[in-house]
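> Submitted below is the structure of interest, expressed as structure tokens.
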Amino acid sequence: MKRYPIATAAVCLGLLLVGLENSEAVDGFAARAREQAEEAPAARRVPAMEAVEAAVRLVTGEEQEADRSETLRKIQAEAEKRREAPVNARIDPVWKAVPGYNGLEVDVEATMQLAEEQGYREPLKLVYKEIPPAIGLDQLGAQPIYMGNPKKKMAALMVNVAWGDEFLEPLLATLRQEGVHATFFFDGMWLKKNAETARRILSEGHEAGNHAYSHKDMSKLDRMGNRNEISKTEALLTGGVGVKNKLFAPPSGDYSQTTVQVAHELKLRTILWTLDTVDWKKPEPSSIVRKVEAKVAPGTLILMHPTSSSSAALKGMIQAIRSKGLALGTVSEVISPERVPEVESTRQ
């Protein structure tokens with residue numbers, strides 16, 4: 001066993017005492033102790049230096065472990081307070097399939113890793129992770145969807161396109177200016193003649209959907225009739241536009257359970273709407289804006305068409321939706337369980 005000088009032992013004891021108060025003091029004290037050890041007689045220099053380094057390792061090791069334990073305790077306490085449980089998808093007697101919504105909790109392991117990298121400095125930066133619900137839309141089977149989850153602070157504009165291009169361009173210009181992406185449901189007969197326009201719409205970041213082929217009342221068709229209407233437009237979306245589609249909006253909102261089942265078999269979700277602009281009746285644009293402002297809420301799907309009324313009202317609609325603290329996204333984004341961080345409260 002090595003024997004160290006009494007003076008060196010005193011240095012070690014000093015390091016321990018100072019180190020228990022703060023790490024900066026340890027660094028300064030250790031530097032001075034190393035200088036003294038270097039000045040020791042040759043015979044004592046190495047043992048003295050070893051003693052200093054051993055003391056520094058002891059103090060800093062104990063200090064880091066204490067910091068780690070205290071930091072872990074704080075993170076676990078915050079995680080307990082801040083956890084938000086996920087919301088399961090469900091079938092509502094009025095709104096049919098209501099999507100689920102991811103929960104949120106502190107990722108303790110990732111937060112600890114970040115704290116270690118930052119030397120356990122305050123304030124702690126918490127890392128979050130989303131927790132998926134136990135029940136999602138896929139588990140609800142063949143059900144129509146009228147809205148997103150009412151906890152999701154997002155709304156979507158769904159534009160049914162079956163005839164006419166006159167007001168499509170100004171509508172697209174407003175969406176472009178406002179940085180909004182909408183979902184366009186294309187009628188097959190229109191799409192067959194306007195595939196290039198559809199491709200351009202999608203190139204601007206908008207989403208495509210299936211609006212059947214010839215705008216028939218789907219509830220009056222048998223299984224084969226429903227399949228033909230949906231499949232013909234789906235072939236145009238896939239082959240002519242290059243879209244892997246997931247959404248189907250029945251013309252005029254008319255459908256039967258057979259319609260929904262056929263769409264489900266074709267891997268499509270049947271989409272209806274929460275709020276209708278009724279723009280085909282050519283109301284005053286200001287009345288559309290007032291209606292949206294009064295009725296829009298988290299998860300709302302807003303039905304419109306490329307008409308003169310909606311085209312003129314669109315900017316006001318977007319402003320009204322944003323004034324409610326809601327983000328705007330595509331239908332797929334609204335009905336997904338993913339959270340909307342840009343409109344949720346800032347988290348530390």
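> Could you pull out the residue among 252, 310 that is in a helix (DSSP H, G or I) and touching a strand residue (DSSP E or B) at 6+ places or on another chain (Cβ under 7 Å)?
Going through 252, 310 in turn, just one is in a helix (DSSP H, G or I) and touching a strand residue (DSSP E or B) at 6+ places or on another chain (Cβ under 7 Å): 310.
> In addition: For residue 328, only one of the following conditions fails: (1) touching a residue at least 24 places away in the same chain (Cβ under 8 Å); (2) more than 29 Å from residue 100 (Cα to Cα). What is its number?
So the condition that residue 328 fails would be (2).
> When you look at residue 124, is it surrounded by 14 or more Cβ atoms within 10 Å (Cβ to Cβ), touching a residue at least 40 places away in the same chain (Cβ under 8 Å) and either polar (S, T, N, Q) or not assigned by TED's automatic domain parsing to the domain that holds residue 249 (or both), yes or no?
yes
> Being over 14 Å from residue 210 (Cα atoms) and β-branched (Val, Ile, Thr) is the filter here, so list the residues in the range 231-282 that pass it.
258, 274, 277, 278
> Would the range 74-89 turn up any residue that is farther than 30 Å from residue 273 by Cα, small (Gly, Ala, Ser), modelled with pLDDT of 60 or more and not in a helix (DSSP H, G or I)?
No, every residue in the range 74-89 fails to be farther than 30 Å from residue 273 by Cα, small (Gly, Ala, Ser), modelled with pLDDT of 60 or more and not in a helix (DSSP H, G or I).
> Does residue 202 fit the bill of being in a helix (DSSP H, G or I), surrounded by 14 or more Cβ atoms within 10 Å (Cβ to Cβ), at negative phi and modelled with pLDDT of 95 or more?
It is true that residue 202 is in a helix (DSSP H, G or I), surrounded by 14 or more Cβ atoms within 10 Å (Cβ to Cβ), at negative phi and modelled with pLDDT of 95 or more.
> Before we move on, is residue 238 part of a helix (DSSP H, G or I) and of a type in the set (Val, Ile, Thr)?
Judged against the criteria, residue 238 is a match.
The values are calculated or read from the model by the stated rules, or taken from the named source; none is laboratory data. Everything numeric in this text was worked out from a predicted model, so none of it was measured. Positions of Cβ are generated from backbone atoms using ideal geometry, with glycine treated the same way; all protein chains shown enter the neighbour counts.
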